[in-house]
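So the structure is just underneath, and the comments pick up after that.
The values are calculated or read from the model by the stated rules, or taken from the named source; none is laboratory data. Please read these numbers as outputs of a predicted model, since none were measured by experiment. Reconstructed Cβ throughout: ideal geometry from the backbone, glycine too, with neighbour counts over all protein chains shown.
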Amino acid sequence: MLKKWARSALMGLTLSALIGAILPVAGAVEITIACGAVGIESRLCREGTESWAAATGHRVRLIQSPNLSNNRLALFQQMLAAGSSDVDLFQIDVIWPGILATHLIDLNPYYGEEQRQAHWKTLIDNNTIGGELKAIPWFTDIGLLYYRSDLLDKYGLPVPETWSQLASAAMRVVDAEREAGRVRMTGFVFQARAYEGLTCNALEWIASYGGGQILSPGGAIDLHNPRAVSALNQVAGWIGTFVSKGVLTYDEEDARGVFQSGNAVFMRNWPYAWALAQADGSPVKGLVGVAPLPKGGIDGRHAGTLGGWGLAVSRYSKHPALAADLARHLTSEAEQIRRAIAGAFNPTRPAVYRNAAVLAAHPFMGSLSELMDNAVVRPSRIAGERYNQFSTIFWNAVHDILSGRAAAADSLAAAERRLRRLSRNGRW
Amino acid sequence: MWGIDPLMDSNSKPNVRRAVRVTAGAGLERWRVRTAWVFLAPTLAVLALVAGWPLLRTAMLAFTDAYLSRMAEARWVGLENFRWLLTDGDWWRSVQNTIVFTVASVSVQFVLGLGAALVLNVRFAGRGLLRAVVLIPWAIPTVVSARMWRWMYHDVYGVFNDLGLRSGLLAQPVAWLADDTTAMAAIVVADIWKATPFMALLLLAGLQAIPPGLYEAARVDGVGRLNAFVYITLPLLKPAILVALIFRTLDALRVFDLIYVMTSNAVSTASMSVYARQQLIDFQEMGYGSAVSLMIFFVIAVFVAAYVTAMRASLVEEG
């Protein structure tokens, strides 16, 4: 018995000695990153980490995370709430810094003033909670208007500057096309399913009418105002006319499905839809244009909601400095140029939008640059960890208005009351 | 002869037991009980660990303001969570949605499932193959079939609108999942498609346990097919029917994936489980979410109690 025990102990020792011998140079550690898990996004992330590993001698492990952003957040929250040190570096959505703030380190000490200034101020501000930089911007997204250039040409219509121009153009085209036998033709598709996408869309409508961004920087709630009411009344009026009621169940991919199969005149979507609409095999290839989302009125403004992702270091990481260094490498100008060309990921650095190679690969990126300056930022920084509740109350109120269950004024007033209760009267 | 064997077997058991008790006395009986407990112990331990403890913990959390990222700071808040919950219109809407969904889907599944079971119980060529084929909807993961149905209901490229427009039944495309009433109906239809095979399978098992001799005897006595169904099949199928209904009802009351995929968190169709998930996962409200889970437990318990009472009554009736 004893002999057997001694023999296995000896074997264990030998094994560990062997493993020790083949371990790489002293000081090399492994950094774990959770970034996009599918397709080109995963490949670009891996290549980026490989070049950092080669330069520093450390190793990087990529872990899979769910593809749907809601599920990804839930998983990250569970890992972080458990204080797990398994993942050092997280790819986080622009609306998460406030939600996850307590679990993330301040990156300011690793990312100096000059480096921060190379990114859009909107993004750095968005990622700064209580003076601490919680994530380095990696790539960005903004709401855009896609239109069928062939149909607008056919009926001699200009690209709409205001929402009412969009409505009359859409109605004109839909009526004519339906009369010509294309009964499926619909005027405008967007995201009005009861989910975060509706919050993005509704914020754009309200902001374009000058109705504000719901929460002031101090946390005060301003949702039930005349401009917001008229903005949402206008959108509710579209539904059932040139906008199909089905839009109330659409997310990004539903909207793209309708638009790309040639059944819609206009679409609101993120920049990713461009490359797919122009891909070989797309029925609308070469027939699509991109423009800023329309203004509320002559005195309104173009407003696109800001989306995108950044890299954040876990407070429970055993190697925060190295993780921050990897984040710095992945968000560097060279990496962003590479990612912009290979995968059309929109850079977070204004300078990259002037890069000739990037513009040659994706001409439309040049026009995104000015839109970024006026982007609508969701109030996640203000609502903090209550952002999901905030957004749910808001999108439910809007969904009720669009589906005709409630009048805009009543629904917004009720939502405002619920937001006051949630935020303990604006203290968040 | 096959039908008679089990009867003989069950008759003989009590006699053996009585004989043992008489000869060996109380000591052996005690020993047997002890052995039974020893054999049951591992199962009970596992149950306590995987079912008892989580349930107890949920019950405890329901009275706190626990928040996922600050579990250590949870404070005791008494009945506060339940006060909020009982005054939340969205919660009561989800209870109503769940009950409407359950009653509508389970009753249709029962009628269709019984029909299918009766057909599959008849001898015909290819019956084995058909029995396997019917199970396909049940075998597809719900998330996949829900996504499939969502596409079929799509207002622009969905197959229902396509058929409706081509045949002239619809003047213009209908957004099935956008309207409150059609959305719930659409979800119920998808669930009927998915779970009817399961209902049929359970009922078929019940049908096969009915001794064929009874039907032969009935035929000899000149009983018609309808009467044979009403007076032989239904009474003997009752236990299987109750089991099938309990299974499906409990399943339907917990419905989550189908609704979540088809209409996500939309209040007008959200079930109790969708509401609970939103509180627990999206909002990280462990305390409040636990109170919700506990309430779901009670709602389901009411249904279970009703079924158990019905089952007992039917057993008493049979003597």
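Couple of notes before you dig in:
- When A:Pro283 is tested against (1) within 14 Å of chain B (Cβ to nearest Cβ); (2) more than 23 Å from B:Trp176 (Cα to Cα); (3) touching a Phe, Trp or Tyr at 6+ places or on another chain (Cβ under 8 Å), only condition (3) is not met.
- Taking the criterion of being aliphatic (A, V, I, L, M) and either closer than 15 Å to B:Ile210 by Cα or in contact with an Asp or Glu (Cβ under 6 Å, 6 or more places away or on another chain) (or both), the residues of region B:225-254 that qualify are B:Ala228, B:Val230, B:Ile232, B:Leu234, B:Leu236, B:Leu237, B:Ala240, B:Ile241.
- Per-region count, region B:267-319, residues of a type in the set (Ser, Thr, Tyr), within 12 Å of chain A (Cβ to nearest Cβ) and within 14 Å of B:Arg93 (Cβ to Cβ): 3
- Wholly enclosed helices (runs of 4 or more DSSP H) of region B:210-290 bearing at least 1 residues within 30 Å of B:Ala186 (Cα to Cα) and either polar (S, T, N, Q) or at pLDDT 95 or above (or both): B:234-253, B:257-263, B:272-277
- Residues of region A:375-409 that turn out to be more than 13 Å from every other protein chain (Cβ to nearest Cβ), touching a helix residue (DSSP H, G or I) at 6+ places or on another chain (Cβ under 6 Å) and of a type in the set (Gly, Ala, Ser), as a count: 4
- Residue check, B:Val230 surrounded by 15 or more Cβ atoms within 10 Å (Cβ to Cβ) and either free of Cβ contacts under 8 Å to residues at least 60 places away in the same chain or more than 18 Å from B:Leu114 (Cα to Cα) (or both): no
- Among the helices (runs of 4 or more DSSP H) confined to region A:183-289, the ones with at least 1 residues that are of a type in the set (Phe, Trp, Tyr) and over 18 Å from A:Ala407 (Cβ atoms) are located at A:252-260, A:272-277.
- Selection of region A:72-90 for residues being away from chain B (no Cβ under 13 Å) and among the charged types (D, E, K, R) yields A:Asp86, A:Asp88.
- From the options A:Ala406, A:Ala360, residue that is in contact with an Asp or Glu (Cβ under 8 Å, 6 or more places away or on another chain) and surrounded by fewer than 23 Cβ atoms within 10 Å (Cβ to Cβ): A:Ala406
- Residue count, region A:314-356 (criterion: β-branched (Val, Ile, Thr) and in contact with a strand residue (DSSP E or B) (Cβ under 6 Å, 6 or more places away or on another chain)): 2
- Single residue of B:Met148, B:Met71 found to be surrounded by fewer than 19 Cβ atoms within 10 Å (Cβ to Cβ), within 11 Å of chain A (Cβ to nearest Cβ) and assigned to a helix (DSSP H, G or I): B:Met71
- One residue stands out in region A:61-95 among those that are in a loop (DSSP other than H, G, I, E, B) and over 22 Å from B:Ala72 (Cβ atoms): the one that is nearest to the chain's Cα centre (by Cα), namely A:Val94.
- Only one entry of A:Ala264, A:Ala340 meets the criterion of being within 14 Å of chain B (Cβ to nearest Cβ) and surrounded by 20 or more Cβ atoms within 10 Å (Cβ to Cβ), and that entry is A:Ala264.
- Enumeration of residues in region B:163-179 that are crowded, with 16+ Cβ neighbours inside 10 Å and either in contact (Cβ under 8 Å) with a residue 24 or more places away in the chain or at the interface with chain A (Cβ under 9 Å from one of its Cβ atoms) (or both): B:Leu165, B:Pro173, B:Val174, B:Ala175, B:Trp176, B:Leu177, B:Ala178, B:Asp179
- Applying the condition of being over 22 Å from A:Arg386 (Cβ atoms) and exposed (fewer than 14 other Cβ atoms within 10 Å of the Cβ) to region B:87-105 and asking which residue is farthest from the other protein chains (Cβ to nearest Cβ) yields B:Val103.
- Matching residues, region A:372-408, being within 15 Å of the chain's Cα centre (by Cα) and of a type in the set (D, E, K, R): A:Arg378, A:Arg381
- B:Ala186 within 14 Å of another protein chain (Cβ to nearest Cβ) and in a helix (DSSP H, G or I): yes
- Criterion: in contact with a His (Cβ under 6 Å, 6 or more places away or on another chain) and at pLDDT 95 or above - qualifying residue of A:Arg315, A:Arg328, A:Arg268: A:Arg315
- Here B:Val77 clears all of (1) of a type in the set (A, V, I, L, M, F, W, C); (2) over 25 Å from B:Phe198 (Cβ atoms); (3) exposed (fewer than 11 other Cβ atoms within 10 Å of the Cβ) except the condition numbered (3).
- Given (1) assigned by TED's automatic domain parsing to the domain that holds A:Ala101; (2) at pLDDT 95 or above, index of the condition A:Asn201 fails: (1)
- Residues in region A:91-122 that are in contact with a Phe, Trp or Tyr (Cβ under 9 Å, 6 or more places away or on another chain) and away from every other protein chain (no Cβ under 14 Å) were compared, and the one that is nearest to A:Ser42 (Cα to Cα) is A:Gln91.
- Within the option set A:Ile382, A:Ile298, A:Ile337, A:Ile393, being assigned to a loop (DSSP other than H, G, I, E, B) and over 21 Å from A:Leu144 (Cβ atoms) holds for one residue only, A:Ile298.
- Yes/no for A:Ser244 being of a type in the set (Ser, Thr, Tyr), surrounded by fewer than 24 Cβ atoms within 10 Å (Cβ to Cβ) and either touching a Cys at 6+ places or on another chain (Cβ under 9 Å) or touching a residue at least 12 places away in the same chain (Cβ under 8 Å) (or both): no
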